[in-house]
Amino acid sequence: ATLEQLNELRQMVREERDSFSRGDRGAGIRLSGEFHLKLAEAAGNAPLVSFQRSLVSQTSLIIAQYETGTRSHCSYDEHMQLIDAIEARDAEQAVSLMMHHMDHIDSKLNLDEESASDDLHAVFSHLLKKPKASVKG
């Protein structure tokens with residue numbers, strides 16, 4: 001990863017943290033997904049990017065419906081630690097952090113049907129377009 005890519009990733013993590021801090025869970029989930037896509041792009045591996053696109057869209061839906069607790073499903077602290085390991089070119093540490101990160105995500109999901117949230121609106125609210133005001137002529 002280049003310094004520019006690492007700085008962009010750090011900015012995304014700050015925006016993710018800020019979204020969750022102000023209670024905008026939908027934006028936080030979207031930004032976390034975008035972080036993972038940018039991380040794959042920084043690896044310069046086209047098949048990984050393609051796979052990540054599919055995975056992020058699906059996991060964002062699952063997280064929106066089944067995440068328990070109030071903190072971000074993807075800890076921004078974990079994201080920053082991962083960026084630091086990548087910057088240090090410490091592949092062993094990066095792999096270890098990513099495995100811990102995946103376990104952390106998994107531990108916050110309750111896939112019991114009764115626990116499903118209806119928070120899909122929050123995840124996709126940015127896609128809703130406001131109707132344009134009609135112009136009388």
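The values are calculated or read from the model by the stated rules, or taken from the named source; none is laboratory data. Just so it is clear, the model here is predicted, and its values are computed rather than measured. Cβ sites come from the backbone with ideal geometry, for glycine too, and all protein chains shown count toward neighbours.
Key figures
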item: Restricting the range 1-13 to residues that are farther than 13 Å from residue 86 by Cα and in contact with a helix residue (DSSP H, G or I) (Cβ under 8 Å, 6 or more places away or on another chain), the residue that is surrounded by the fewest Cβ atoms within 10 Å (Cβ to Cβ); result: 8
item: Total residues in the range 32-52, condition touching a helix residue (DSSP H, G or I) at 6+ places or on another chain (Cβ under 7 Å) and either surrounded by fewer than 17 Cβ atoms within 10 Å (Cβ to Cβ) or closer than 16 Å to residue 5 by Cβ (or both); result: 12
item: Among the residues listed as 106, 77, the single one being under 22 Å from residue 20 (Cα atoms), within 15 Å of the chain's Cα centre (by Cα), modelled with pLDDT of 80 or more and surrounded by fewer than 16 Cβ atoms within 10 Å (Cβ to Cβ); result: 77
item: Criterion: small (Gly, Ala, Ser), modelled with pLDDT of 70 or more, closer than 17 Å to residue 31 by Cβ and out of contact with any strand residue (DSSP E or B) (no Cβ under 9 Å at 6 or more places or on another chain) - qualifying residue of 91, 122, 85, 64; result: 64
item: Residue 18 vs. criteria surrounded by fewer than 16 Cβ atoms within 10 Å (Cβ to Cβ), farther than 22 Å from residue 99 by Cβ, without any contact (Cβ under 8 Å) to a residue 60 or more places away in the chain and not hydroxyl-bearing (Ser, Thr, Tyr); result: yes
